[in-house]
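First up is the structure itself, then whatever we jot down about it.
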């Protein structure tokens, strides 16, 4: 008689079912938990007589297609979020409001325009120089902010790589444990849940896909190589290459690991491409500003008139190498430089024209040519320490590059006294020093003595024609066919557009991820109400089995009573 | 169709929509409170370049207003000085007529000559007029008096020390107005030299030549008229520039207003739109809250007794 066996098997199966309902309800809000259910089968003896019920297996509900899509979506989402955060900071660093570079540029040229009304008012020159210093300061600040941001992003890359290494190790460890359990024929459902969670976290940081192996083991593959194979985890490191770009390599290999997306992919793209690109545009803008403004300043005259000495602020690497190969920040063209030499005693002025060809002439050659052309009245030399060009007038002489008519007059003034652009290229008598957003500054002696600001082309106090040329720089199309402030606006708008696009894509991606999560939940998630129905079911089963056993017991009692 | 909707699905979507609607509400709340729709380029990248241009144009036109005002002051002072020169020459003409009159004896003529000395000094002072520390008739040499007499009180020659170029101010993109005129072209035109005419008149009055004073002085009348014409020409030129500046100032003000309005239109909050949208977001948020509260409550537990 197997009525007792049947009853006890029903009690055992029912209580196992109750346990699982409890486990499901307890983990209804646990992230990554997959609901489980008992699979009951009827048992028979000899294939004929029923012997009760048994728990054949426990099903862990999962949805592999949804999971694969979620892993891919995680990587996209991670990259978008990382890039959005960085782009927003670049946008903030550029300072696009009135206090930023664009506003400062406008303000500088407005001040220059206003000074044309009173070029003889030395106090009115201060605001122009202050505005120039503001431009330099705002460019310095923006550049420093962007550089700090890049360093920060580099630090984040290191952190993310460490996290990836930790996750990979943990996944490999879980692989080992799961294989241990499942090779014995048991089910390691809770370990699988934990491992899925780790793979999920990993996929937010880099793009991976999962390949299932026997005994519940998974291999995790990146775009260009394995991350976890069975119980072995790759370990990565990020290090800068000679160009300063961060390259991720796996331990024991020098081959770069391609990371297309995920937080790491997004951060690498920002660090290696997008931030340097924004920085380069800022430097390009600075170079355009410095070259154009310095050229105007160098070919004008300050309120003190011609100069007795001038020193360039840009040095060459080798004063005997041709200028075209000297690596100057501003190129020198083939052309000429007109040096006006004034005799301080008589007031007579002569113009000496020096032909300059950067392809053949070195800085030494240029210095020699200037000294020779002026008959030694202006001694041009190369500074032995800085390798910059130096001008010194002999006693009784002064020099300038304004291209004025000679005295006594002998024709017309030179329209462009420096067609070679040698003055701005070598930083002679410029308004700004430096050539990048980091090192641009107002030349210290002009900041200290505003009279050096070249307002005129004739040296007369009421002449503001050089200021007019300076004010016209703002409307000149520089590199890229844009004006200075146009270029800055375009840069700010491009970054702003990135922020908006990335934000929109992130929102859209979040919607996709919600849908995918809902899909996965519809299979793997715990519905408490459903579990309560199962609970009632198992409750009835246990109650029924108990009642059954009690009835069987009474029946047996009755039979035993016959004997008594 | 998902037939199984779990608690986590409901919670996740409730949280997501609450966040989304709260963020939308915050965005419009910020727009309404700050009055600005575009604070950063990313708020409206397509319109940002137009905004930057409009803002720059507004500030630039504002800066030109400053130079316009300075030019206006200079030209007004110039016209004032030239009017003084005209009245000096007019008086000189009266003196010349009086001196040429046969009824004026030498004593009277000498008295008139002394008055002409005063007129020369007045003319010199008019030609050396300063405005805010800058000489108006020295061309670009604004730092020193343009006209110098060889002797005080009884000068015989007046030298021009200024430049032949005029000083000018930038009043628009590539647009300038001459404000500091070259004095030589005003007071010392060939054939219409104001100072030489006055000096000659004085000398004729004081020391009439062999031909008699009437003849000499009558000859001076023509020169005085030529000098008056020369000064009158410049006065007319400066006055017409002044009128032009007034018109330009009006146009600049209009243009600045247009630019500022354009900037305001782009960056400013459209209150009707923003308030209505804020209201809609608020409703959406409240609805999400109400629905979340309602949906998350019912459970089979309520029915198992």
With -39,500 (n - 2.57) per DSSP H segment of 4 or more residues and division by the full residue count of chain A, the 222 nm estimate, nearest 500 deg cm²/dmol, is -17500 deg cm²/dmol
Distance in Å, no decimals, from the C-alpha centre of the stretch A:206-249 to the one of the stretch B:186-217 is 105
On the formula 1/(1 + (r/R0)^6), with r taken between the Cβ atoms of residue B:86 and residue A:350 and R0 of 51 Å, the FRET efficiency rounded to 0.05 is 0.70
Rh_Kirkwood(the stretch B:119-166) over Cα pairs, Å, one decimal, evaluates to 10.9
Computed over chain B: longest principal axis from alpha-carbon atoms vs helix B:271-296 long axis, angle to nearest 10 degrees, is 20
Taking the alpha-carbon centre of each part, the distance from the stretch A:466-527 to the stretch A:1-78 in Å is 50
For chain A, the longest principal axis of the Cα atoms and the Cα long axis of helix A:189-205 enclose an angle in degrees, to the nearest 10, of 10
Rounded to the nearest Å, the spacing of the alpha-carbon centers of the stretch A:321-358 and the stretch A:431-462 is 19
Computed over all unlike Cα pairs, the Kirkwood hydrodynamic radius of the stretch A:308-428 in Å stands at 14.3
Under the helix-only model (-39500 (n - 2.57) for each DSSP H run of 4 or more, divided by the residues of chain B), the mean residue ellipticity at 222 nm, to 500 deg cm²/dmol, is -24000 deg cm²/dmol
The stretch A:140-220 -> Rg/Rh from Cα coords, Kirkwood Rh, value 1.25
Rounded to the nearest whole number, the per residue volume of the convex hull around the C-alpha atoms of the stretch B:190-241 in Å³ is 65
Of the convex hull drawn through the C-alpha atoms of the protein assembly as shown, the volume per residue in Å³ is 209
Distribution output for the stretch A:233-375: share of Cα-Cα pairs per 10 Å bin in percent, first bin at 0, values 9, 24, 22, 15, 13, 9, 5, 1, 0
When A:221, A:560, A:361 are ranked with the fewest other C-beta atoms within 10 Å first, the list becomes A:560, A:221, A:361
Within 10 Å of the Cβ of an average residue in A:453-464, the count of other chain Cβ atoms is 6
The equivalent-ellipsoid semi-axes of the stretch A:15-110, taken as the square roots of five times the Cα gyration tensor eigenvalues and listed largest first in whole Å, are 66, 14, 5
Largest first and rounded to whole Å, the semi-axes √(5λ) derived from the alpha carbon gyration tensor of the stretch B:214-305 read 88, 6, 5
Rounded to the nearest 10, the angle in degrees between the Cα long axis of helix B:194-206 and the longest principal axis of the Cα atoms of chain B comes to 30
Mean 1/r over distinct Cα pairs of the stretch B:32-101, inverted to a Kirkwood Rh in Å, yields 17.3
So, with points 7 Å from each Cα along the Cβ direction, the residue B:261-residue A:280 label distance in nm works out to 4.4
The value for the stretch B:51-262 (convex hull of the alpha-carbon atoms, volume per residue, Å³) is 106
Proxy exposure order for A:150, B:206 (fewest C-beta within 10 Å first) is B:206, A:150
Taking every residue of B:61-71, the Cβ atoms of other protein chains inside 10 Å of its Cβ average out to 4
Ordered by fewest other Cβ atoms within 10 Å, a rough proxy for footprinting exposure, A:467, B:300 read B:300, A:467
note: the stretch A:342-413, Cα-Cα separations exceeding 18 Å make up a percent value of 44
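Every number in this text was worked out from the coordinates using simple rules, so none of it is lab data. Everything numeric here is computed off the predicted structure, so don't read it as measured data. Glycine also receives a Cβ, built like all others from the backbone with ideal geometry; neighbour counts cover every protein chain displayed.
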